[in-house]
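Enquirer: This is the structure I want to talk about, given as C-alpha cells.
Bear in mind that the values in this text are calculations on the coordinates, not laboratory data. It should be emphasised that the depicted structure is a prediction, and the values quoted were computed from it without experimental measurement. All Cβ positions, glycine included, derive from the backbone under ideal geometry; neighbour counts span all protein chains shown.
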C-alpha cells in the first residue's frame, strides 16, 4: 500500500487541493480509505489527518470501513421510485443476499441507496463502483447478480448495462446549433473582448443554474478585480433530483461548453479553469478528458490559444456524492480539497473564490449559451424569451410522461405546452426546479417558465393522478435531511426535525396542532438557514401545504394531543421488574375523542 | 463624520471593516451568540446572531457593517426564532443541565435562560455519543458538543496546534481529535491550552475542577449572559 499511496501523491504533485481525486483513487483500489492510507497521506500532503478524515466522512462515496468489491448504489430519486425502485432494490437485495446498507459477509458486494444519479429519463438507475447503470429491471438484476457472483471485472460486463442515452426530444435555439470548434473564440477575438462582453450584456443571458444572476455582470465584476490571478469554474454538479440536462450537454456539446469557459477566461483574463463534474457522471470523465486533449492539439487550449497570446487550460475535478457542492461556494471548497461547506458571504466568489482569488462560477448551460452568443451576437438571443428572461431554457423532463428527455423552450412557454409536447396526461401536478423548487397543481398550467414566474435549473417532474403527494413530499424531505451539510443549526437540526414531523403526520400519529407546528418549522428553516439548501429545503412542504391543506389535515387524528413517544412501550422495563403483565400494567396511547 | 448603522432604531457608529456584531458590542448592544468569540475569525454557524439587515436575514458575526444599514435585533420575531434554534441545539445532543458540571457556567444554558426558553419544544433525538476521558487533565463529553468550532479555532489560532476538527456531514457531524488512536490522550493538548477552556457548553472540561466553584456562585447564577458578554467583550470590540 505504501508505494501505491506514494505514487498517487506524487502524481498529484503532493497538492492537498487534489485530496478528493486522491481519495477517489484509494477508494476505487481498496473499496475504502484505510487508516494507514490516511496516516501516510497526512505526511505526504502535509495536511492534518483530521482534515483528511473530515473529507472522507463528508462525501457519500468515501468510506472509512471496507465496502464491497462491487459497490452497488441504487438511485433514490422520486422518479426512480415511480419506476418501481422499491421492489427492485428488495429483489436485488434478495438475489445478492445482502441487506440494503450492508456489505455481504464475503466482502464481495455491498448495496445501498444514493441520491438521484441524474438518469431520471432512463431509470430505475444505479451505480456500480461509480459507473452508471440504467433501465434496471429483474432481467438486468439477474445478469448483474451472475456477473458479481462470477466476480467478473467491470470492463467485461456487457456494454448495454452502462448505456446512457441522450434522449434529446425537442431541440431549440441552442441545441440545434452545432458550432465549429474554435469558432466562438475566433468570433470573440475578431470582434474584440470588450465588444463580446457587451454582446453578452445585450443578450440578457442569466445564470442557468436557477439563481439567474446576469452572466455579463458577473464576468465584468470579476474582470475588474485588482487581483489578476483569476479562475473560471464550470458547475457540472447537477444534483437537483430530476435534472440531467448537463449530462447530455457534456456528452454531446462538450466542445461548446469548454469553448464558453475559454471565452470567459479570455474576458476575465484567467489562466486556469475547472470543470467540477458530479461523481455520478464518472462515465463522462474519460470522454471529456479526450475532448480537452483534442482542444489542446487544435490550439484551443494551452499556451498561445489561436496565436492570440492567451494561455488557458481546463482541469476536470470529480465530486464524490454531495448535493451541497452544487452551491457555488461549497463547490469551491470542494475544489480546494475540503468538505463542501458553503462559505459566509460576502466576500462573493467573483472577488474571493478558488484559493481566495476572483472566480467566475457558471452552470454548464450558461457557458454553452455564451459560446453561441459570441458567434451569433446578443440580439440573436435577446429576441427570444420574455422581457426579464431572455433566450431559451433547456429542461430535463421526467416522471409520468410518454417521452421523458431533453427539451428546449423559449422562456415564457406555458407549462401546458410543455406537458402536451412530452405526452403527459391526467396530470396531478408538476415539480418545477426539483425538490428545492415549486410544486404546481393542475389549475396552474397557464403559468410560464421564466425567472419572474417559475424559475428552474432544468428539473421538470410530471406526476399523474395516480400519485400520492405526501409520498412525493416525504421523498424530497428525506433527501434534504440526508444532504444537509450540517454547518448551521437551522438546517442541520431543522431538516431532521422536519423529516420526523412529516413522518409523524404521514404515519397517522399527528394530532390537532401538528400541521401548524410543521409549517412553523418550515418557516424557521427557510428564513434562518445559512445557504440555498436550507432556505429551500422546506419548499416541498410549503408549496404543497399551500395548495392542498386538506390533504395534510385529513392525516391528523381527531384528538387534541398525542404523546411523542410510545407510552405503553415505556412501561416495558417496569413490567419486567414488577413481573406484571395484567391489564392494569398497560397504558393506552390515547383516548380517541368521539 | 463617522459612519453609522441603526440597530432597532438606535444609531450605532462603526469603523470600516467591522462586522455588525463588532459594531453592536462596541456600542453596548448584545446580540445573542454561541459560535462567535471576539478573539477568533467568525464562523457563522450557530445562527443565533441572525439579525435582519434592511429586511434580509444575515449573521451579525460575519456580515460587514455598511453605511445605511437598518438592523433589527431585539424583535419578538427574532427572539422567537432564536429560542427555537437554541431548542434545536438542546434536542440534538444530550443536555441535562442539573447533572452537568458546567451548569451555571454554560453559555448554551445561559442563552436559553436569556431567551426565556422553558422547554425543549421539539422531540429529543437522544443520540448515542461517547465520552473521551483518556487524557489525564482534559476530557470530552461528545453528548454536549454543538459544533461551534471554537476549540478548533482556538487550537489553530491561539495554541499553534491542530488538536480538533469537525468531521462528517449533516446530523452525523462530530468532533474529532488529531491522533491516530482518535483519543485525546494521544494528542498534544495541554490543560493550559485555550482550546481546553473555550467550550461554550460542557463538552470540553478540565478534570478535577468540577465543583471548585459551588453551584450558586457561578457566572450565570446571578448575571444574565448579555451583561456578562458585554462586560467581557465590550472593550476589545470597542478599541
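Enquirer: Provide the gained length on full extension for the span residue A:304 to residue A:581, in nm with one decimal, where the gain is 0.36 nm per separating residue minus the Cα-Cα distance.
Expert: Extra length available between residue A:304 and residue A:581 comes to 91.2 nm.
Enquirer: Related question: Taking square-rooted eigenvalues a ≥ b ≥ c of the alpha carbon gyration tensor, is region A:470-553 rounded, prolate or oblate, where a/c under 1.5 means rounded and, failing that, a/b exceeding b/c means prolate? Kindly include the intermediate steps, with their values, before the conclusion.
Expert: On the way: a/c = 1.76, a/b = 1.69, b/c = 1.04.
Verdict is prolate for region A:470-553.
Enquirer: For A:252, B:86, which order do you get if you count the other beta carbons within 10 Å of each Cβ and list the fewest first?
Expert: Arranged by neighbour count, lowest to highest, A:252, B:86 become A:252, B:86.
Enquirer: Let me make sure I get this right: for the protein assembly as shown, a, b and c are the square roots of the gyration tensor eigenvalues over alpha carbons, sorted descending. Under 1.5 in a/c it's rounded, otherwise prolate if a/b > b/c, else oblate. Which is it? Let's see the in-between values first.
Expert: Details: a/c = 1.41, a/b = 1.24, b/c = 1.14.
Verdict is rounded for the protein assembly as shown.
Enquirer: At 222 nm, what value in deg cm²/dmol follows for chain A if DSSP H runs of at least 4 each add -39500 (n - 2.57) and the sum is divided by all its residues, to the nearest 500? Walk me through the intermediate numbers first.
Expert: Details: 25 runs with 250 residues, N = 594.
Using -39500 (n - 2.57) per qualifying helix, the result is -12500 deg cm²/dmol.
Enquirer: Could you calculate the FRET efficiency of residue B:70 with residue A:523 from 1/(1 + (r/R0)^6), where r is the beta carbon distance between them and R0 is 30 Å, rounded to 0.05?
Expert: 0.85
Enquirer: Looking at region A:169-382, what % of its DSSP beta bridges pair antiparallel, to the nearest 5?
Expert: Roughly 15 percent of the beta bridges in region A:169-382 run antiparallel, per DSSP.
Enquirer: List the residues of region A:295-331 whose backbone N lies under 13 Å from a point placed 7 Å from the Cα of residue A:269 along the Cα-to-Cβ direction.
Expert: Under cut-off, by backbone N: A:310-311.
Enquirer: Relative to the first principal axis of the alpha-carbon coordinates of chain A, what is the inclination of helix A:514-528, with its axis defined by its Cα atoms, in degrees from 0 to 90 and to the nearest 10?
Expert: 30 degrees
Enquirer: Here is a follow-up. Output the 0 to 90 degree angle, nearest 10, between the alpha-carbon long axis of helix A:193-203 and the longest principal axis computed from the alpha carbons of chain A.
Expert: It is inclined by approximately 40 degrees.
Enquirer: May I ask for the angle, rounded to the nearest 10°, between helix A:254-268 and the longest principal axis of chain A, with both axes built from Cα atoms and the value confined to 0 to 90°?
Expert: Around 70 degrees separate the two axes.
Enquirer: Using only the Cα atoms of region A:169-382, build the gyration tensor, take square roots of its eigenvalues as a ≥ b ≥ c, and label the shape rounded, prolate or oblate: rounded if a/c is under 1.5, else prolate if a/b is larger than b/c, else oblate.
Expert: Cα axes put region A:169-382 in the rounded bin.
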